[in-house]
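The values are calculated or read from the model by the stated rules, or taken from the named source; none is laboratory data. It should be emphasised that the depicted structure is a prediction, and the values quoted were computed from it without experimental measurement. With ideal geometry, Cβ positions are generated from the backbone for all residues, glycine too; neighbour counts draw on all protein chains shown.
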Amino acid sequence: MIVAVDISLLQTFLEVARHRHFGHAAEVLCVTQSAVSGRIKQLESTLSVSLFHRRRNDIRLTAAGERLLRHAETAVLAWQRARQELSLEPQATVRISLGFPLDLWPSPVRPGIALLRQEAEDLALRLEVLPVALLVDRLITGVMDLVVTFEPPMLPEFTIRPLPPLVLMYARAEDKSGPAVQVDWGALVALRQSRESSDALPAPIQVNAGFLAGDLLADHGGAAFLGKTTIEQGGFRPDASVAPIERPVFAVYRSGHAYLEQLEVVTGALARCR
């Protein structure tokens, strides 16, 4: 049996799940709390399930609610994308959604976007910074067209295109002598660090993003493996005694994508950036 659901019901469900509070969800949606409650009841009635455990000051998803969460996110994102596609400017032929972790914004994403604005003015873009797991999930469900990542999903339906690697240099804050900061750049980089820079590991502070390490060095001093842009912006000093490490970067998209030609234009621009 096919059940039709108003997209506003799914949007309301997502906000209640996110805030775990009907009143806070109502504020975000600019409706009354009773309207939020009514929408959730309507959605539960339509699906014939209970989506939330309702206790005083404690709203939690049921097992059915947990199962709906991913599908609701996919449906709402797809609807938002459809609206964006219909509102494209006359000169834009298609919109490509591009997702990436924040550490890949300085290179290759930012310079790649600059090239595209010069060479492909008819191409509209939607950029999203997300955790890698969520990027892959949206790529698999078709909500996102292209992902730039360190760790591509090894699935047969996807094209994986190598991009210039992210070059990591061990850098120090010159005016402060704080502790070393270890950035989780992945297992291969960690192995290289342990072999080639004995003072870099173990570190008392560990983070999962290079920009966080840069902020810590700026605030407290220390040393860490960082990308070139972060080093230059922070005014840090590369340690010439420690060999640079290259972390592979990849562009990933579905091989039979409807916008394959445009995706190849985007990846081509990214591939020319270092």
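Summed over region 42-62, residues that are assigned to a helix (DSSP H, G or I) and within 32 Å of the chain's Cα centre (by Cα) total 3. Considering region 241-259, the residues that are among the hydrophobic types (A, V, I, L, M, F, W, C) and touching a strand residue (DSSP E or B) at 6+ places or on another chain (Cβ under 7 Å) include one that is modelled with the lowest pLDDT, namely VAL242.
Taking the criterion of being of a type outside the set (A, V, I, L, M, F, W, C) and in a helix (DSSP H, G or I), the residues of region 224-274 that qualify are LYS228, THR229, THR230, GLU232, GLN233, GLY234, GLU261, GLN262, GLU264, THR267, GLY268. Within region 79-87, identify whether any single residue is crowded, with 17+ Cβ neighbours inside 10 Å and over 20 Å from SER255 (Cα atoms), and answer yes or no. Yes: one or more hits.
In the set PHE22, PHE13, only one residue is surrounded by 15 or more Cβ atoms within 10 Å (Cβ to Cβ), within 20 Å of TRP79 (Cα to Cα) and not aliphatic (A, V, I, L, M); that residue is PHE13.
Matching residues to (1) out of contact with any Gly (no Cβ under 6 Å at 6 or more places or on another chain); (2) modelled with pLDDT under 90; (3) at positive phi:
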{"site": "PRO111", "(1), (2), (3)": "yes, no, no"}
{"site": "ARG117", "(1), (2), (3)": "yes, yes, no"}
{"site": "ALA124", "(1), (2), (3)": "yes, yes, no"}
{"site": "LEU146", "(1), (2), (3)": "yes, no, no"}
{"site": "PHE158", "(1), (2), (3)": "yes, no, no"}
{"site": "LEU166", "(1), (2), (3)": "no, no, no"}
{"site": "LYS176", "(1), (2), (3)": "no, yes, no"}
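Candidates LEU130, LEU146, LEU104: the one that is within 24 Å of GLY235 (Cβ to Cβ), in contact (Cβ under 8 Å) with a residue 24 or more places away in the chain and under 12 Å from the mean Cα position of the chain (by Cα) is LEU104. Here is the figure for region 1-29: residues that are assigned to a loop (DSSP other than H, G, I, E, B), modelled with pLDDT under 85 and within 29 Å of the chain's Cα centre (by Cα) total 2. The set of residues in region 16-38 that are of a type in the set (D, E, K, R) and over 14 Å from GLY65 (Cβ atoms) contains only GLU27. Could you say whether any residue in region 106-119 is under 24 Å from GLY256 (Cβ atoms) and assigned by TED's automatic domain parsing to the domain that holds GLU264? Yes: region 106-119 contains one or more residues that are under 24 Å from GLY256 (Cβ atoms) and assigned by TED's automatic domain parsing to the domain that holds GLU264. Confirm whether ILE140 is surrounded by fewer than 20 Cβ atoms within 10 Å (Cβ to Cβ), β-branched (Val, Ile, Thr) and modelled with pLDDT of 90 or more. Spelling it out, it is not the case that ILE140 is surrounded by fewer than 20 Cβ atoms within 10 Å (Cβ to Cβ), β-branched (Val, Ile, Thr) and modelled with pLDDT of 90 or more.
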